[in-house]
1. Using only the alpha-carbon atoms of the stretch 467-636 as identical scatterers, what base-10 log of I(q)/I(0) does the Debye formula give at q = 0.08, 0.10, 0.18 Å⁻¹?
2. Enumerate the amide H contacts of residue 119 below 5 Å, restricted to partners 5 or more residues apart or on another chain; note that Pro and chain-start residues carry no placed amide H.
3. Taking the alpha-carbon distance from residue 474 and a cut-off under 29 Å, which lysines remain once sequence neighbours fewer than 8 residues away in the same chain are dropped?
4. Quick one: grab Rg to one decimal and Dmax as a whole number for the chain, Cα atoms only, in Å.
5. Under 13 Å Cα-Cα from residue 307, which aspartates and glutamates qualify once same-chain neighbours fewer than 8 residues away are excluded?
6. Helix 302-312 versus the longest principal axis of the chain: what is the Cα-based angle in degrees, 0 to 90, to the nearest 10?
7. Report, in deg cm²/dmol and to the nearest 500, the calculated mean residue ellipticity at 222 nm for the chain, where each DSSP H run with n ≥ 4 adds -39500 (n - 2.57) and the sum is divided by the residue count.
8. Between the helical axis of 204-213 and the dominant principal axis of the chain, each derived from Cα atoms, what acute angle in degrees is found, rounded to the nearest 10?
Amino acid sequence: MGYTLAQKIIKSHLLSGEMRVGEEIALRIDQTLTQDATGTMAYLEFETMGIPRVRTERSVAYIDHNTLQNGFENADDHRYIGSVAEKYGIYFSRPGNGICHQLHLERFGIPGKTLIGSDSHTPTGGGIGMLAFGAGGLDVAVAMGGGAYYITMPKMFRVNLHGKLSPFVTAKDISLELLRILSVKGGVGAIIEWGGEGVKTLSVPERATITNMGTELGATTSIFPSDEITRKFLRAEGREEDYTPLCADEDAVYDRIIDIDLSTLSPLIACPHSPDNVVAVETIAGTRVDQVCIGSCTNSSLYDMLKVAALLHGKTIHKNVSLSISPGSKQVLTMLADCGALTDILSSGARVLECACGPCIGMGFSPNSAGVSLRTFNRNFEGRSGTKDAKVYLVSPEVAVASALTGVITDPRTLGEMPEVKMPDAYRIDDSAIIPPASEEDAEKIEILRGPNIKEFPSSRPVQDTMKAPLLLKVGDNITTDHIMPAGAKILPYRSNIPYLSRFCFSVVDETFPERAKEARECFIVGGSNYGQGSSREHAALVPLYLGVRAVIAKSFARIHMANLINAGILPLTFKNPEDYDKLAQSDLLMLTNVYKGLENGTFFMCDDKGNSYELVGEFTERQREILRLGGLLSYTKEKQK
């Protein structure tokens, strides 16, 4: 029996464990990336480990999230990250250079290598044949120090693409089609491999759009083969020497196979407020549009932007629509300017924003009250745009442009013929905004620069054998990390200040929670299915830790968030009988007993003050048990270094 592509890379990087589904495995990590919203905390954690130099092949710190500087906080974080990068052997991508995933694909991604990043869309690297995972900042810090990255061995899904896309149908529509098939929970516990003859019709930027959106399926990661199309992309980036051909064995066995006929797809749209609420664009055509945003790590490549410019050429956007364009990198923006495409964009009435994440994380360009915003992004969670009552739809660049021109949701196939877009044979290479680290000899002289907004990592404590606390918050299904720890321009500058950040914890769900948690000092949270879906932000675990959350009991957890809870020393448990969720009410007094025994056998018992008892499940590896016993991954790592 042969290996899948992902299994081949796992096998070549396996440090411990058996490649059996459900078993914990440890992987050697070749590359890491951080972004500034999560990077400050990751580097504070790395400093705490006392390791003088990163031990990866390549680690890169990108500044792309908190680029609005209306106070000292973001600027101080950027300065801190830059000084840490210089001292510890990390490459530093300056603000304005671009979005981490787009840039990493352009300048550093290598087929067959492993990559983890403190951003949930790190699987974008799978578009170039990397095995790339989103992770919490603490996992990234450990990997930078030479430690292993631990995951549960995933199942293997295969998506076979057949035929060819029709005009105005795109890679984004392929992603939305798979979300329609699987839902935001359908990829949990699986790696999604893409194959079939239709793969050969997709460029690397199109493949990267698909692997980027794989995160919304809950998948561990997604990956495409590395083939001649990959070689062509690397050659255009001046990096052909990084090319390695990679594919699955013909007799590889998959846990599930899905077939998609590309020729049958039509333009699709994800309606509010979930990426899997997918319908055909033509079914809701005519809906009023207030705002359109094109860009983000999903659709900001040169290929996407050239298509946008061609469709806007000689036209003017509708008078009631505000259109923003966020190129993915300085390389993309410069090449748009060189070929004249930027003029077509500006002449249409569009507003060109910085090469950064921007509106995708609520960092500016929020919609008007109750506004309808079409975005080429990957998430449309309620309130994420910065406007709580906005209705956000996810679309392809083609649908975005068509709708910006007409003022209503529009099927782009009504625009006539799709203009031909010719990609250059070589990209413009300018790495002047990527600062290499100091030499090991000079590193000792580098001073780490900390601003007053940078606070220490919150202290944790080991789980107790008996834990008694009130159920302070009960939430429903598909609670995202945006619900737990919101993003946006008002909040993101405090990502390195956990005490201040705690004021906003669960504010989208219950504005009273932070104060009630501080008063209670210790508490439990109960959630529904897929608790913690969305971004990899470990703040969604660190802030609850700071507020005294000792355990979270849910019907099921999203992979990265569950790992982050364990890393923070918070006990994540699931209901053995999901219907027990309905018996619990907010403000119940709960007690967990014989926790130490539960850590060993996976069965936990809880009772409430109404006389009900509950059986809970917590299946942890020996390493995870030890992390919880010691009070978190940081304490565990320090203990192992003794």
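Every number in this text was worked out from the coordinates using simple rules, so none of it is lab data. Everything numeric here is computed off the predicted structure, so don't read it as measured data. Methodologically, a virtual Cβ is constructed for each residue, glycine included, from the backbone with ideal geometry; neighbour enumeration extends over all protein chains shown.
1. Reported log10 I(q)/I(0), two decimals: -0.21, -0.33, -1.15.
2. Those qualifying (amide H under 5 Å, at least 5 residues apart or on another chain) are 135.
3. 185, 388, 391, 490, 518, 555, 576, 583, 597, 610
4. Radius of gyration, then largest Cα-Cα span, for the chain: 23.5, 72 Å.
5. 206, 344, 398, 417, 420
6. 50 degrees
7. So the calculated ellipticity at 222 nm is -8000 deg cm²/dmol.
8. 30 degrees
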